[in-house]
1. Please list 87-100, 124-137, 145-158, 177-190 highest first by mean number of surrounding beta-carbon atoms within 10 Å per residue.
2. What ranking do 57-65, 44-52, 168-176 get when scored by the average of other Cβ atoms within 10 Å per residue, highest first?
3. For K119, give me every one of the lysines with a C-alpha distance below 20 angstrom, ignoring sequence neighbours fewer than eight places off in its own chain.
4. Taking a probe of 1.4 Å, how large is the accessible area per residue of segment 112-229, in Å²?
5. Under the definition of Cα pairs under 8 Å and six or more residues apart, what whole-number percent is the relative contact order of segment 129-187?
Amino acid sequence: SFGMSTDVKKVEALFEGYASDFESSLVDELGYNAFHRMRRGFDRALAQENEAKDKKFLKVIDVGCGTGLAGVEFRNISQTLIGVDLSPSIIEHAKKKRPGLYDSFQTGDIKPILHDYAKQPISLFVAADTLIYFNDLNDLFASMKAGIEDGGYAVFSLENVSEESEARLNAIVPEWRWQLTPSGRVAHRKQYVEDIAKANGFQTILYDKLDNFRAEKGDSVQGHLFVLRKDSSFQNDEL
């Protein structure tokens, strides 16, 4: 019942070994497309919030930045774009593959990094297919609350279970929150994400399904997209 999320070193080792083939494997072999769909969803969310179309975000962090697939999508709305990854090797590949895309990089676990931004908080948190290595999200959202400014945004993708699995889980474990998948990644329940977001002062302003956003052993993987806005007045401590 433990995802790789329980051991940061395991996730780091996975991507250190995967660094040189990371992008070709993800995009060419697995058909990964969440980064495009995240930006389109984020633009829709900003329109709903009546934000200016040319709004620039002062400080943006791309969490689990990899070689910059999501960074490319969000660069034009970022004054400062910071890439964060557990893998030093992947960061080196990002520098070579997309020189100048990021203004700076940080290597390490995102939770303490976010807490370090508390005095100079970030305005936009981007995480494409990164939070699937966490099971329980309590500590992560506490760090997001600390590091994201009031009025700031978070946009991220997560894996979802199939409709059949969801029906089975609802019947057997009605209070289920997340489910470990055969790949070792974690699928999170929509209601759990929205509840824990609300408890930390984040309002879900856009939710969308990301069906078929990646393949896994020939099968389509189901996902979902969340866009949150931090509003300290929008908080409920009940989980």
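1. 124-137, 145-158, 177-190, 87-100
2. Most protected by this proxy first, the peptides run 57-65, 44-52, 168-176.
3. K59, K111, K145, K230
4. Here the residues of segment 112-229 average 41 Å² of exposed surface.
5. Averaging sequence separation for qualifying contacts and normalising by length gives 49 percent for segment 129-187.
The values are calculated or read from the model by the stated rules, or taken from the named source; none is laboratory data. Source: prediction; values computed, not measured. A quick note on method: Cβ atoms are made from the backbone with ideal geometry, for glycine too, and the neighbour counts reach across all protein chains shown. These area figures cover heavy atoms from the full protein model, side chains too; ligands, DNA and RNA do not enter into them. Shrake-Rupley method; radii C 1.70, N 1.55, O 1.52, S 1.80 Å.
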